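A quick write-up on the structure given underneath.
The values are calculated or read from the model by the stated rules, or taken from the named source; none is laboratory data. Note that the structure is predicted; figures quoted are calculated from it, not measured. Cβ atoms come from the backbone with ideal geometry, glycine included; neighbour counts cover every protein chain shown.
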Amino acid sequence: MPATIRDVAKKAGVAPSTVSKALNSTGAVSQETLLKVKQAAHVLGYRPNARARNFATRATYQMAFLADFPFDAAFVNPHLFEIMRGVQHTLNKKGYAMVMKHISSRDALSYVEQAWTQRMVDGFVLHMSVLTKRLSAYIGRESIPHIVIGKPDFDNRLCWIDTDHCLSGRLAVRYLAELGYREYCFVGGRADDMTSWRRLHGVRQELKEMGLNLPRERVLQSQSTLADGARAMKKLLRMNPRPQAVICANNPIAFGLMHALQARGFHIPEDIALITFDSYPFSMLTDPPMTVVDINMYEIGQEAGRLVLQKLRHPATQIQTYITTPTLVCRGTTPVVAE
């Protein structure tokens, strides 16, 4: 016969209500009592009844993760899966399940309204890809526990976390300058790709402090595809003087550009150096491997999980912050610096 909460209470020498508080983290319990209860539950093989717990607390112990996954997400945005792993890891440790929902920004509001009014989940982790001003307003009106991954590009009272893309851009230029480069080109994403343009802002800030400039004609806009990288190659080869180093806003642009340059007989990094952002799995498999400014996306996911639970416990908490420090990963598309 399975152990009950009363069995655990008897073995730990506490009241059943104390066992409930200790195992569900719903009340003040001393560390000593918490350890006694957990040890008793482990010895007896006690497993809390999730349905009874949910009924008693009026909680679902579920959080929804909303994102717009393109059909080739594993290729164009593999870091999204690292973020989800981090979120799930943190939630699972606290007894919560994560419900993953693929949805467009157009449909996100109606889903959140339904899920919240029907109490299908206790809160939301929202990727920037699904966020709109109307959804932001609804979350604010209803005081919904949430965390947004990515800084919104409009005024808001949402809780969000992001990495400092501006700092990433500065690190890329600082490193290239240390290698002696002075002529640059930046190949960015779409006009609405705020991550790309924040990285560009950092590039320009760092160059300005060095007494250098990045002319408008040396900033190329693209749709962030391999083909766009190849098209960028034709434009940069017409520049005079030709760029010594190219900063690409993301991996697909960098891969397309590198392959196009190599097809024309250029050697990387001897003729032109390349650097991009985020260490995609295949960035280590190119020839030469790609130098990147990287971010620990798993850590961002873990922090998002922690903060949405904090928002659940303390609804008045306001969180708008940059987390994790970008790091340089030197590989083959930039010269090796002798020790």
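Checked across segment 100-116, the condition of being buried (at least 22 other Cβ atoms within 10 Å of the Cβ) and either in contact (Cβ under 8 Å) with a residue 60 or more places away in the chain or out of contact with any strand residue (DSSP E or B) (no Cβ under 7 Å at 6 or more places or on another chain) (or both) holds for no residue. The residue that is modelled with the lowest pLDDT, counting only those in segment 299-323 that are surrounded by fewer than 18 Cβ atoms within 10 Å (Cβ to Cβ) and within 24 Å of residue 283 (Cα to Cα), is 323.
Restricting attention to segment 281-298 and to residues that are of a type in the set (Ser, Thr, Tyr) and crowded, with 19+ Cβ neighbours inside 10 Å, the residue that is farthest from residue 83 (Cα to Cα) turns out to be 286.
The condition of being assigned by TED's automatic domain parsing to the domain that holds residue 119, on the phi < 0 side of the Ramachandran plot, in contact with a helix residue (DSSP H, G or I) (Cβ under 9 Å, 6 or more places away or on another chain) and not charged (D, E, K, R) holds for only one of 253, 275, 268, 319, that being 319. Within segment 278-288, the residues that satisfy the criterion of being at pLDDT below 95 and farther than 16 Å from residue 169 by Cα are 280, 281, 282, 283, 284, 285, 286, 287. Taken as a whole, the condition of being buried (at least 22 other Cβ atoms within 10 Å of the Cβ), over 30 Å from residue 123 (Cα atoms), among the aliphatic types (A, V, I, L, M) and in contact with a helix residue (DSSP H, G or I) (Cβ under 7 Å, 6 or more places away or on another chain) applies to residue 261.
Checking each residue in segment 155-185 for being closer than 18 Å to residue 66 by Cβ and touching a helix residue (DSSP H, G or I) at 6+ places or on another chain (Cβ under 7 Å) picks out 156, 158, 159, 161.
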